[in-house]
1. Would you point out the residue of the stretch A:76-103, among those that are surrounded by 23 or more Cβ atoms within 10 Å (Cβ to Cβ) and of a type in the set (A, V, I, L, M, F, W, C), that is nearest to the other protein chains (Cβ to nearest Cβ)?
2. Quick one: in the stretch B:1-15, of everything that is charged (D, E, K, R) and part of a loop (DSSP other than H, G, I, E, B), which residue is farthest from A:Ser8 (Cα to Cα)?
3. Of everything in the stretch A:43-75, what is of a type in the set (A, V, I, L, M, F, W, C), within 14 Å of another protein chain (Cβ to nearest Cβ) and more than 13 Å from the chain's Cα centre (by Cα)? Give them in sequence order.
4. Suppose we filter the stretch B:16-57 for residues that are assigned to a loop (DSSP other than H, G, I, E, B) and within 12 Å of another protein chain (Cβ to nearest Cβ); how many remain?
5. When you look at A:Arg73, is it surrounded by 13 or more Cβ atoms within 10 Å (Cβ to Cβ) and free of Cβ contacts under 8 Å to residues at least 60 places away in the same chain, yes or no?
6. Mind telling me which of the residues B:Ser10, B:Ser69 ends up being touching a residue at least 40 places away in the same chain (Cβ under 8 Å), surrounded by fewer than 17 Cβ atoms within 10 Å (Cβ to Cβ) and of a type in the set (Ser, Thr, Tyr)?
7. Would you check which residues across the stretch B:85-106 are more than 8 Å from chain A (Cβ to nearest Cβ), in contact (Cβ under 8 Å) with a residue 60 or more places away in the chain and surrounded by fewer than 22 Cβ atoms within 10 Å (Cβ to Cβ) and list them?
8. Looking at A:Val112 and the list (1) within 13 Å of chain B (Cβ to nearest Cβ); (2) crowded, with 19+ Cβ neighbours inside 10 Å, which single condition is not satisfied?
Amino acid sequence: DVKVTQSSRYLVKRTGEKVFLECVQDMDHENMFWYRQDPGLGLRLIYFSYDVKMKEKGDIPEGYSVSREKKERFSLILESASTNQTSMYLCASSSGGNVIRYTFGSGTRLTVV
Amino acid sequence: DQQVKQNSPSLSVQEGRISILNCDYTNSMFDYFLWYKKYPAEGPTFLISISSIKDKNEDGRFTVFLNKSAKHLSLHIVPSQPGDSAVYFCAASNNNAGNMLTFGGGTRLMVKP
């Protein structure tokens, strides 16, 4: 089974801090995604990547950046954390091909105080 | 512009009865549909999918129905169990237009013992 691992389950950071959320997948998937989940708003796409060193903005990229230096690792960076970035962050990966099916990590619950 | 909508944010059902979760979409190019299930503090997990060439797909207690003319799909859970209590996300893709899933806002299902 594909495994997507997010480095932290819970994080508490202070306003203005630079925050790194790490995601690693072990099945050589080309595609990786970062979402945030908020009550009543569903899953909103922040950034995605189809290849190493490639990144594309999703629906809500403001205040975030990403890095994909290796195929298996996709990092989400909060340049200067703010309280409105308190959320559940979900990483997902998928292979290329005709059937699109994501595998998600367990999520990181980030609280910015 | 939300292309995938789940109009019921929550649903409460008695154990043993049928749960019906609904999803509507607007993009007629979508050709593959999925349901994901999410427990609190965990990532979404794949539940069941259906291709646009079918109108029904069944897997144990879970059945997904697709009505292309109405751009509507539904997930039936029979019989419902307390362990089915979770948030359910509908997702759709156009397999000829990239490797992206578009998610609905989610429906929280509560199955009462």
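No value in this document is a laboratory result; all are computed from the given coordinates. Quick caveat, the model's predicted, so the values are computed rather than measured. Note that each Cβ is placed from the backbone with ideal geometry, even for glycine, and that neighbours are counted across all protein chains shown.
1. A:Leu90
2. Within the stretch B:1-15, the first condition is being charged (D, E, K, R), and the residues that meet it are B:1, B:5, B:15.
Right, trim to part of a loop (DSSP other than H, G, I, E, B) and you get B:1, B:15.
Numbers: B:Asp1: 33, B:Glu15: 35 Å.
Filtering the stretch B:1-15 for residues that are charged (D, E, K, R) and part of a loop (DSSP other than H, G, I, E, B), the one farthest from A:Ser8 (Cα to Cα) comes out as B:Glu15.
3. A:Met54
4. Here the count works out to 8.
5. Values: surrounded by 13 or more Cβ atoms within 10 Å (Cβ to Cβ): yes; free of Cβ contacts under 8 Å to residues at least 60 places away in the same chain: yes.
The answer is yes for A:Arg73.
6. Being touching a residue at least 40 places away in the same chain (Cβ under 8 Å), surrounded by fewer than 17 Cβ atoms within 10 Å (Cβ to Cβ) and of a type in the set (Ser, Thr, Tyr) holds for just one of B:Ser10, B:Ser69, which is B:Ser10.
7. Listed by number, the residues that qualify are B:Asn94, B:Asn96, B:Ala97, B:Thr102.
8. Condition (1) is where A:Val112 drops out.
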